[in-house]
1. Only one of these conditions is not met by I361: (1) at pLDDT below 95; (2) touching a helix residue (DSSP H, G or I) at 6+ places or on another chain (Cβ under 8 Å). Which number is it?
2. So, in segment 357-409, exactly how many residues are under 15 Å from E496 (Cα atoms), among the aliphatic types (A, V, I, L, M) and surrounded by fewer than 19 Cβ atoms within 10 Å (Cβ to Cβ)?
3. Of all residues being surrounded by fewer than 19 Cβ atoms within 10 Å (Cβ to Cβ) and of a type in the set (A, V, I, L, M) in segment 304-356, which is farthest from I234 (Cα to Cα)? Just the residue, please.
4. Among the residues of segment 396-418, which ones are of a type in the set (D, E) and assigned to a loop (DSSP other than H, G, I, E, B)?
5. For segment 273-328, which positions are of a type in the set (S, T, Y) and either touching a His at 6+ places or on another chain (Cβ under 8 Å) or within 30 Å of I352 (Cβ to Cβ) (or both)?
6. Test K421 against the stated conditions and say whether it is among the basic types (K, R), touching a residue at least 24 places away in the same chain (Cβ under 8 Å), part of a strand (DSSP E or B) and on the phi < 0 side of the Ramachandran plot.
7. How many residues does segment 509-526 contain that are touching a helix residue (DSSP H, G or I) at 6+ places or on another chain (Cβ under 9 Å) and surrounded by fewer than 19 Cβ atoms within 10 Å (Cβ to Cβ)?
8. Pick out the one residue from V508, V504 that is hydrophobic (A, V, I, L, M, F, W, C), touching a Lys or Arg at 6+ places or on another chain (Cβ under 6 Å) and modelled with pLDDT of 95 or more.
Amino acid sequence: MDWTINANFFFLKMKKISLVIICLFSAITTVAQLNPQSKKITERYFPDADSLENVTPALQKKRGFTDYDELTTFLNTLKSNHSKYVTISYIGESQKGYKIPMVRLTNPNSTTEKIKVWMQGGLHGNEPASTEGVLYLLYTLLNNPKYSYLLDKIDLAVVSMANIDGYLKQSRYASNGLDLNRDQTKLMAPESIVLKKAFSDFNPEVGIDFHEYNSYRRDFYKMGSFGIAGLYDIMFLYSGNPNVPQNMRTLTDSLFVENARQVLTKNKLRFHDYMSTGDYHGEIQFNQGSSNARSSATSYALTNTVSTLIEVRGVNLGRTSFKRRMATTFLIGMSYLKTAFENADLVKNEIIKAQKLNGDISVTSTREIYKDSIEVIDLDTNDLMKMEITVRDAWKSKPKLVRNKPAFYLIDSSHKELIKKLNTLGVKTETLENDTEYEVEAYQITLYDRNEELFEKMNRQTVETQLTNKTIQFSKGTFIISTSQKNAPIITEVLEPEAPNSFVSFGVLETELNNELPIYRLSKKN
């Protein structure tokens, strides 16, 4: 027997088998993420809820999630059965041409002044319990008298499937590859523009963006003896941006989030303030909270809105603990509605107070860093363990670069694209009716670096500027933006060039070293 020939045949055959296995595995992971959670962990820590009725589309089938036709049928049925309370409008289209529905619920016969609440789900398409939980909330508000009274004082706008294209293929991203929750200031995706415009036109006093988080992060596999998993059913993300007025930050945390914490405790659900991980000089550290205006938690808050992004434990878990995740979403949504209902006057008064606050603005800030511990699941033993961590806390951010807030910004009339974005962000702008001379502060670029690696399809720019006092004759049609308006905090966030989410930093307004920017600061009109 020729052993050489047989050995070659054997290895060739094994190579073909290996290729088939790899191809099959690739096909499986392309269609859906493999569920990383063991049955033991599910049964021990995250047993499914049995309190929900099977009234939403996904709960009426054994596999998959609500598709677009099921969504529109569900919403249209709600409208048909409750036409007095429900209106449906289509705020725009996804990149694949799906019309994006927004549902509005209120009791039109109630003469009480309403408080406006915005709810959003499915901005990341691979977070299905956010959409399904919001649909369950809509159904319950309209069909359960225990909750329907809330519509007497609440005007509720809901976009339940914000990223339709991503949702239908269970992908985090929009069709052009953009993360819609990293696009709240540069507004480069069509969905971002229509969602933000709908938000701004509605002008809510309370805003909630429902998400799910990944409790099996890549970094977690490097921790413990055999990796760890996140334990919390929910994490709360509210803004630590220093430009969000302190009274609004306090109102959000001590009233809305605190009431929700009590509801979770009553229902034996675990919670924590939001954390994500990052590698800092070889050490995995935990980022707590957020100050970035590019995501909804801070973007909403910078319009003097009570704002929270809700992260429910669920990414990559498929239908595992799906009712539990929906129930958690539902409980938080109802808690926020009840808090808004019971404190409508307080919220309105605090927003008015926030608008009147004047002071310096924080262009850049730094997080406080300290040691702490969190509770996690040890994947080696499946037991709970306390883990020491390094925290980078956005809620304890300290201003780094500080400037006085101008009374107005002036923008050259040739930059209509910037004005269009400002208007989408809910900012009111005007134009000069005549040629007018003003003494202003001009930005001169003294340090410039352009990152050639694309970030969210943009070339980011790092700049430093020097402010120079100048007298300039501004032509008729120059745009002028007052900082005495409800959405004033978002104005400085996008126009101060060094701010990390500004039009300059994101490369929306391109510049170069030694350039003078076409944006000017005005302390007062003549």
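The values are calculated or read from the model by the stated rules, or taken from the named source; none is laboratory data. Worth saying up front: this structure is predicted, and the values here are computed from it rather than measured. Positions of Cβ are backbone-derived with ideal geometry, glycine not excepted, and every protein chain shown enters the neighbour counts.
1. (1)
2. 3
3. Per the stated criteria, the residue is I352.
4. Of all residues in segment 396-418, those of a type in the set (D, E) come to 412, 417.
The answer is D412, and nothing else.
5. Y274, S290, S291, S295, S296, T298, S299, Y300, T303, T305, S307, T308
6. Details: among the basic types (K, R): yes; touching a residue at least 24 places away in the same chain (Cβ under 8 Å): yes; part of a strand (DSSP E or B): no; on the phi < 0 side of the Ramachandran plot: yes.
It is false that K421 is among the basic types (K, R), touching a residue at least 24 places away in the same chain (Cβ under 8 Å), part of a strand (DSSP E or B) and on the phi < 0 side of the Ramachandran plot.
7. So the count comes out to 1.
8. Details: V504 fails: touching a Lys or Arg at 6+ places or on another chain (Cβ under 6 Å).
So the residue among V508, V504 that is hydrophobic (A, V, I, L, M, F, W, C), touching a Lys or Arg at 6+ places or on another chain (Cβ under 6 Å) and modelled with pLDDT of 95 or more is V508.
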